[in-house]
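The values are calculated or read from the model by the stated rules, or taken from the named source; none is laboratory data. The structure presented is a predicted model; accordingly, all values stated were derived computationally and were not measured. Cβ placement follows ideal geometry from the backbone for every residue including glycine, while neighbour counts extend to all protein chains displayed. Please note that ligands, DNA and RNA were not included when accessible areas were found on the heavy atoms of the full protein model with its side chains. Shrake-Rupley method; radii C 1.70, N 1.55, O 1.52, S 1.80 Å.
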Amino acid sequence: MDDAAATSTGSTDAPRGGRALPKTDKSEQTRALILDTAMRMFQERGYDKTTMRAIAGEAGVSVGNAYYYFESKEYLIQGFYDRMTHEHAADARARMAGVQDFATRLDIALTAWVDCAAPYHQFASQFFRTAADPNSPLSPFSDESHPARTTAVELFREVLLESELAPKLDTELTELLPDLLWLHEMAVVLYWVFDRTEDTERTRAFVKRCTPLVAKLVGLTRYRMFRPIVRDAKGLIHDFIVPTFGMAARPPRASDHAPQAAPARKTRKTAKAAKSAKAAESTESDSVDSAD
């Protein structure tokens, strides 16, 4: 029986963005299987040439079940982002253990990201085309990207607060810096996407060169003469950048603010998933399907 139709083993609620969050071991395993299969097929065939039907078939689940967990291929990538962000954070924390120098900690965090993302570099440009669309849920500023973004910002908060530099900085700056460091990571990601050198050596060199510079700039802000600049920067970020987090996402649906679904609603959720799957399948390219 599909997890989408099973009501006796637990329920799954669809949060903003349509990604069902598993509440049972079985549903978590199914969701992970679909995601793992998709990532493998994206590597083997490419993102554009891989259909949801092919992913479902390879994973051994129905197409409706695949759509139940992931509303579209875009949300599969969002699930991948969520997973990789947590893996990156765990890896970076392990590497930073016992290190107090801010520049070294920042270098470790950024290099750890490049290492974690390395297996997926060959099709990163395909993802970027979608993420660059301000209306895409893959946008790093979208509502759907909020969980991954929060995890990343919290990592950079630890990079700063557990360093020897943190006690010397202005409180206003320590509140602002994690978001700025995350934006710096986005610049590294953009460079990485277009890097065609072996093992993305230029990106790694870019991190090595720019990290000491960033650390020096941050260190300079502890001096009183730079406080006005810090406050101006904080105002700029909060007025023009922070408000855009989430604004690129789709308009909120009424269901986003509805009470928790009762068990009786699961059938409608399943029907909606099946309907969505049928509609999506009818639009997939015949040439792509024949390649499958």
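A quick yes/no check of all residues on (1) in contact with a strand residue (DSSP E or B) (Cβ under 9 Å, 6 or more places away or on another chain); (2) in contact (Cβ under 8 Å) with a residue 40 or more places away in the chain; (3) closer than 16 Å to residue 92 by Cβ:
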{"position": "130", "(1), (2), (3)": "no, yes, no"}
{"position": "137", "(1), (2), (3)": "no, yes, no"}
{"position": "142", "(1), (2), (3)": "yes, yes, no"}
{"position": "154", "(1), (2), (3)": "no, yes, yes"}
{"position": "158", "(1), (2), (3)": "no, yes, yes"}
{"position": "161", "(1), (2), (3)": "no, no, yes"}
{"position": "179", "(1), (2), (3)": "no, yes, no"}
{"position": "182", "(1), (2), (3)": "no, no, yes"}
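Looking at segment 226-234, can you tell me whether even one residue there is within 22 Å of residue 114 (Cβ to Cβ) and in contact with a Ser or Thr (Cβ under 7 Å, 6 or more places away or on another chain)?
The first filter runs over segment 226-234 and keeps only residues within 22 Å of residue 114 (Cβ to Cβ), leaving none.
Within segment 226-234 (the criterion being within 22 Å of residue 114 (Cβ to Cβ) and in contact with a Ser or Thr (Cβ under 7 Å, 6 or more places away or on another chain)), the answer is no, since none of the residues qualifies.
Residues that are of a type in the set (D, E, K, R) and buried (at least 18 other Cβ atoms within 10 Å of the Cβ) are absent from segment 109-128.
Could you list, in sequence order, all residues of segment 74-92 that are over 14 Å from the mean Cα position of the chain (by Cα) and open to solvent by 20 Å² or more (accessible area, probe 1.4 Å)? Within segment 74-92, 90, 91 meet the criteria.
The condition of being in contact with a helix residue (DSSP H, G or I) (Cβ under 8 Å, 6 or more places away or on another chain) and over 25 Å from residue 223 (Cβ atoms) holds for only one of 172, 164, 154, 158, that being 154. If you go through segment 24-52 and pick out every residue that is surrounded by 18 or more Cβ atoms within 10 Å (Cβ to Cβ) and assigned to a helix (DSSP H, G or I), you end up with 11.
Scanning segment 99-132 for residues that are out of contact with any Ser or Thr (no Cβ under 7 Å at 6 or more places or on another chain) and within 16 Å of residue 73 (Cα to Cα) returns 120, 123, 124, 125, 126, 127, 128, 129, 132.
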